[in-house]
Amino acid sequence: MIGHFPDTAAAARFRAAYAEGMARLPEPAGTTVVPTDFGRVHVHHFGSDPRTPLVLLPGRSGSTAMWAPNLPAWAAQRTVHAIEVLGEAGLSVQEREIRDADDQAAWLAATLAGLGLERAHLVGVSFGGWLAVNLALHASPAVASLSLIDPAYVFGRFPMKIIIASLATLPAAPAFVRNRMLSWISGGVPVGDEPIARVIAAAMREFRLGVPPPTYPSDDALRGLHVPTLALIAGRSEIHHPRKAYERARSLLPDVQAELWPGATHAITGEFAAEVNNRVLVFVSAVEERNAP
């Protein structure tokens with residue numbers, strides 16, 4: 001299936017929510033549309049630091065707007081490229097079916113190449129964390145490090161309650177059911193009070209996803225992932241069993257700094273924005289210092 005809006009009215013409703021969310025971000029320094037075999041990938045650029053940049057991969061249906069609590073701090077110190085995920089609601093346009101994890105890695109690798117990035121620090125939250133790990137597992141030489149913020153389906157499988165709750169993400173689900181589910185995952189914040197949540201809700205309501213189910217990384221695959229990795233696991237996350245996810249990351253990855261943040265929910269990037277922002281910047285700087293000649 002190709003990700004799409006069912007009609008122009010649905011697209012307009014999403015764009016209105018998207019514009020509201022993006023208004024909380026600094027004005028991009030520029031934008032690039034990268035052609036790939038799977039479609040046109042839209043990338044917003046922020047900052048102008050000459051060091052290895054950050055590449056941001058948002059959570060499911062989050063788009064660039066979800067980085068409002070984090071991007072200003074990161075862009076003040078690094079060049080930041082915020083990718084609109086292909087097959088999801090946002091500004092990217094899917095043109096060919098994305099069938100599996102290989103295709104997911106292919107379009108993302110092509111995007112980094114199209115941006116001229118030989119090396120990049122990938123920062124992914126939720127499903128964006130899965131996208132980052134998936135690219136690294138495909139041995140992309142562009143991946144300088146991974147910062148995984150409560151990544152989905154990487155270190156822990158989905159509990160049954162999440163599988164059941166995912167039915168609320170279907171376009172046909174009543175708005176109050178969808179909003180309740182989003183509020184539950186985000187630690188109880190009402191959707192109507194949070195622009196980011198409104199963008200995500202609009203994406204779920206208005207857009208028909210064109211992405212395949214994620215492939216769960218095997219133990220052997222993670223043992224072979226020799227990429228510097230920061231794994232921040234939210235202790236109150238509903239998308240996996242946090243303690244088990246933390247232990248799996250710590251025990252399998254050869255080069256990992258795994259941390260369990262007890263007070264955080266899956267909305268960790270907003271709840272603990274200052275701490276997350278600083279932790280990522282400190283981590284990527286340490287990676288570069290360690291690898292300096």
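Residue pairs whose Cβ atoms lie under 9 Å apart, sitting 6 or more positions apart in sequence or on different chains, and linking a residue in segment 87-114 that is in contact (Cβ under 8 Å) with a residue 12 or more places away in the chain and more than 29 Å from ALA201 (Cβ to Cβ) to a partner that is loosely packed, with under 15 Cβ neighbours inside 10 Å and of a type in the set (D, E, K, R), are ALA106/ASP37; ALA110/ASP37; LEU112/GLU118.
Exactly one residue among GLU247, GLU238 is in contact (Cβ under 8 Å) with a residue 40 or more places away in the chain and of a type in the set (Asp, Glu), and that residue is GLU238. In this structure, GLY124 does not qualify as in a loop (DSSP other than H, G, I, E, B), in contact (Cβ under 8 Å) with a residue 24 or more places away in the chain and crowded, with 24+ Cβ neighbours inside 10 Å. Going residue by residue through segment 13-31, is there one that turns out to be closer than 18 Å to ALA274 by Cα and of a type in the set (Phe, Trp, Tyr)? No, segment 13-31 has no match at all. Comparison of ARG99, ARG60 shows that the only residue that is farther than 20 Å from THR36 by Cα, assigned to a loop (DSSP other than H, G, I, E, B) and basic (Lys, Arg) is ARG60. Taken over segment 264-293, the criterion of being in contact (Cβ under 8 Å) with a residue 40 or more places away in the chain and in a loop (DSSP other than H, G, I, E, B) is satisfied by ALA264, THR265, HIS266, ALA267. Count of segment 223-263 residues, restricted to those that are assigned to a strand (DSSP E or B) and either modelled with pLDDT under 95 or of a type in the set (Asp, Glu) (or both), is 1.
Number of residues in segment 224-247 that are within 17 Å of ARG157 (Cβ to Cβ), of a type outside the set (A, V, I, L, M, F, W, C) and touching a His at 6+ places or on another chain (Cβ under 9 Å): the value is 2. Filtering ARG96, ARG40, ARG78 for residues that are of a type in the set (Lys, Arg), surrounded by fewer than 20 Cβ atoms within 10 Å (Cβ to Cβ) and in contact with a helix residue (DSSP H, G or I) (Cβ under 9 Å, 6 or more places away or on another chain) leaves a single hit, ARG96.
The values are calculated or read from the model by the stated rules, or taken from the named source; none is laboratory data. Bear in mind that the values here come from a model prediction, so they are computed numbers and not experimental data. Methodologically, a virtual Cβ is constructed for each residue, glycine included, from the backbone with ideal geometry; neighbour enumeration extends over all protein chains shown.
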